[in-house]
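The structure appears below as C-alpha cells.
Values in this text are rule-based calculations from the coordinates and carry no lab data. Computed from a prediction, not measured in an experiment: that's the story for all the values here. Virtual Cβ from ideal backbone geometry, glycine too; neighbours counted across all protein chains shown.
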Amino acid sequence: MTVRVRFAPSPTGYLHIGGARTAMYNYLFAKAMGGKYILRIEDTDLDRSERKYEQAQIEDLKWLGITHDEGPDVGGEYGPYRQSERAHIYKSWTQKLIDKGCAYHCFCTEAELTAKKEIQESQNLAPHYDGTCRKLAKTEVEKRLAEGHEAVIRFHVPNKAYSFHDHVRSDVTFPEGMVGDFVIMRANGVPVYNFAVVVDDASMKISHVIRAEEHLPNTLRQLMLYEAYEITPPEFAHVSLLIGEDRQKLSKRHGATSVALYKEMNYLPKALLNYLCLLGWSHPTEEDVFDPHTLGTLFNIDRFTKSPAIYDINKLNHINGQHIRLLPSEELLSHVEKVIPGNHAFHKMNHDWKITCVSFFKEKINQFNEITAHIDILFTTEVSTEAEYLEAKSWETTPKIREYLAGEIATAKAAGKKFVSLEDYDNWSNHVKGELKIKGKQLFMGIRSVLTHQAHGPDLKVIIPLTPIEILEKRIQLQ
Ligand code: GLU
C-alpha cells in the first residue's frame, strides 16, 4: 500500500502546537513509509477562514522543517487542496449518495427543526432528525426545488453499530442510534466537515488519518459515509490530547501555544519538535533527545501513547538546552549573535573569542536569550553586596592579592595585551600560593573577589582569559 497522509488545518488562526504535533506525526509517518504527506486547507468556515492564516501556518510548518509533497502552494495530482475550491467535487459526490438513496433533500426550516427537537427532548428522546423529508417522493422534491425552496442534503443514517480499529485507541465501537440523519451539504452548497473530509480523504487516496483525539466522535459519521460510497476507510490513529498542568485542554491560558511565539522566542525548531514528538509517542529505544527529522523508519504509528500528554514548558526548555549544547560551534554562534542586543560589547570581539565564549556559556542556558546575562559577567564592573563577597574582601590576605594582581595586570597591559592568557592566570595563582603563602579558601575566593567583585561564578580559568584586560584593570582600581 502507498502511504498517503494529510494534515488538514483550518486557516482560522495561527498554527497551534497541537496542530504542529499532528502535522509532524503525519510527516514522519510518510517519511518512514516512503509515502506522501499532503497539506489540505479546510476553509469551509467562510467567516473565520483567512488566507493570511493559511500563509502563516505554511510559514510555521516550513520553520519546523515539515514540508509537504502536495498542497495548495505546491500543487499535486489530487488537487485542488483548498476545500473552498472543491465545490464541484462535493456536488458530484453528494449526487452519488442521492442516486444511491443514501442521502436526500431536506426542506425543514430552522423553526420546524427546533420545534421537533423540543418535543423529543420533552419526551426524553435523543434529539435526532425525525426523517420527515426522507419520505418525500422524487417528484415532490423536484417540484419544491423548482419552486425555489431551500434544501440541505441529509445523509440517511443506517440503523446499526459501527466498529473500527484505531492505532491508538484499539477497537472502538459506536453503538446503534448515536446519531440521526445528519446534514452533509448546507443550503448554500457549502459541505459540512464530516462529509468534506470523507470526500477529500477518499479522492486524495489518503491511506492513514492521524489526527487529534477530539475527532474520534466524528469518525462514526465518516465510517457511515465510507460505507455508503463502498470505499474502504483509511486506517485511523487518534492521538492523545495535549493538556495543561491543570488537566484542561491546552489553551492560551497555559502560556504560549502558537508555534510563531516559539519561533519569536528563538527556540530551536528541532527541539520544539523533539518535545512535541514525545507528547503522545515514545521512542523505540527510549531516547528523549533526538531530532525527529532523523528518525526515519524508527517512527512507528504503533508507539502512540493513550493517556493525555501534559504540556510542560520546563521540559521543553530542558530539551531545548540539550539541543543547544549539541549544536556545532559556528551554528551556535550564529544563533547567539541574533539574540544579543546590537550594542553589546560581545559584537566587538573577534571570532575565536566569540566561539570560546559561547561554547562555554552554552552549558548554562536552555534558551538562547539567556546567554546575554551570562556573557555580561565578562564586562561588568558592578560590585557584589553579598555577605560572602564582603567577607572575602575583609580577609587580611585579600589586599595582598589585590596589590600583586594590580601589578601583573598593569604590566600585561603595558606590554600591549588585550587579554591575559590561561598561562598568566595559572602563574598568578601559583605565585599567590607559593610566594604569598595564601592557601585554600583565602586563595581562590581571594583571587575571585579581587578579579570579579563576586564571591561565586563560573570557572576563573575560563572567564579571566575571556575578560578584556581594561575591565580587569577597572575592577582592581574599584576595590
Ligand atoms: N480541519 C480539521 C481540524 O483542523 C481536521 C480534521 C481532520 O484531520 O480530520 O481539526
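Within the stretch 436-476, which residues have the backbone N less than 19 Å from the label spot 7 Å out from residue 383 along Cα→beta-carbon, could you tell me?
Residues 445-457, 470-476 fall inside that zone.
How long is the gain from residue 114 to residue 376 if the chain were fully straight, where each residue apart is worth 0.36 nm and the alpha carbon distance is subtracted?
Values: separation 262, 0.36 × 262 = 94.32 nm, distance 6.75 nm.
Answer, rounded to one decimal: 87.6 nm.
Relative contact order for the chain using alpha-carbon pairs under 8 Å, separation at least 6, rounded to a whole percent? It would help to have the intermediate numbers written out before the result.
On the way: 672 pairs, mean separation 60.2, N = 479.
In percent, rounded to a whole number, it is 13.
Give me the aspartates and glutamates in straight-line cross-link reach of residue 205: C-alpha distance below 17 Å, same-chain residues under 8 apart excluded.
The qualifying aspartates and glutamates are 42, 69, 70, 77, 227, 230, 235.
Only helical DSSP H runs with n ≥ 4 go in: add -39500 (n - 2.57) per run for the chain, normalise by residue count and round the 222 nm mean residue ellipticity to 500 deg cm²/dmol.
On the way: 19 runs with 215 residues, N = 479.
It comes out at -13500 deg cm²/dmol, rounded to the nearest 500.
Percent of Cα-Cα pairs per 10 Å bin, from 0 to the last occupied bin, for the chain, please list those.
Bin by bin from 0 Å, the calculated values are 4, 16, 20, 17, 13, 10, 8, 6, 4, 2, 0, 0.
Any chance you could run the full-extension gain for residue 396 through residue 122? It's 0.36 nm times the residue separation minus the Cα-Cα distance, nm to one decimal.
Details: separation 274, 0.36 × 274 = 98.64 nm, distance 9.15 nm.
Fully extending the segment from residue 396 to residue 122 adds 89.5 nm.
Report the far tail of the P(r) of the stretch 214-310, meaning the percent of Cα-Cα pairs longer than 18 Å. Please report the intermediate quantities before stating the final value.
Working: 2846 of 4656 pairs.
More than 18 Å apart: 61 percent of the Cα pairs in the stretch 214-310.
Give a quick list of trypsin sites (Lys or Arg not before Pro) in the stretch 1-73 that DSSP marks as loop, anything other than H, G, I, E or B, with at most 16 other Cβ atoms within 10 Å.
On the way: sites: 4, 6, 21, 31, 36, 40, 48, 51, 52, 62; in loops: 40, 48.
Hits after loop and neighbour filter: 48.
Considering every Cα-Cα pair within the stretch 196-252, what fraction, in whole percent, is farther apart than 16 Å?
Numbers: 760 of 1596 pairs.
Here the tail beyond 16 Å accounts for 48 percent of pairs.
Tell me, which cysteines of the chain are without a disulfide-compatible partner by the Cβ under 4.7 Å rule?
Unpaired cysteines in the chain: 102, 108, 277, 357.
How far is helix 87-99 tilted, in degrees, relative to the longest principal axis of the Cα atoms in the chain, given as a value from 0 to 90 rounded to the nearest 10?
On a 0 to 90 degree scale, this one is about 40.
Could you list, in their original order, any pairs among 62/362; 338/393; 62/338 whose Cα atoms are separated by more than 30 Å? List each step's numbers first, then the result.
Details: 62/362 26 Å; 338/393 38 Å; 62/338 20 Å.
Checking Cα-Cα distances, 338/393 exceed 30 Å.
Starting from the exponent 0.38 and prefactor 2.2 Å, build the expected Rg for the stretch 52-103 from its residue count and divide its actual Cα Rg by it.
Working: Rg = 15.6 Å, N = 52, 2.2 N^0.38 = 9.9 Å.
Cα-based Rg divided by the globular estimate yields 1.58.
Given N residues in the stretch 4-72, what is its alpha carbon radius of gyration divided by 2.2 N^0.38 Å? Don't jump to the answer; show the numbers that get you there.
On the way: Rg = 11.6 Å, N = 69, 2.2 N^0.38 = 11.0 Å.
Taking the Cα Rg and dividing by 2.2 N^0.38 Å, one obtains 1.05.
For the chain, take the longest principal axis of its alpha carbons; what is the angle in degrees between that and the long axis of helix 216-229, to the nearest 10 within 0 to 90?
40
Computed FRET efficiency, Cβ-Cβ of residue 187 and residue 459, R0 60 Å: what is it to the nearest 0.05? Please report the intermediate quantities before stating the final value.
On the way: r = 73 Å, r/R0 = 1.22.
My answer for the efficiency is 0.25.
Grab every C-alpha pair in the stretch 100-165, bin the distances at 5 angstrom width from 0 up to the longest one, and report whole percents.
3, 14, 22, 21, 18, 12, 7, 3, 1, 0
So how much slack lies between residue 67 and residue 45, counting 0.36 nm per residue of separation and subtracting their Cα-Cα distance, in nm?
Value of the extension gain: 5.4 nm.
On C-alpha positions alone, give me the angle between the axis of helix 110-122 and the longest principal axis of the chain, in degrees, nearest 10.
90
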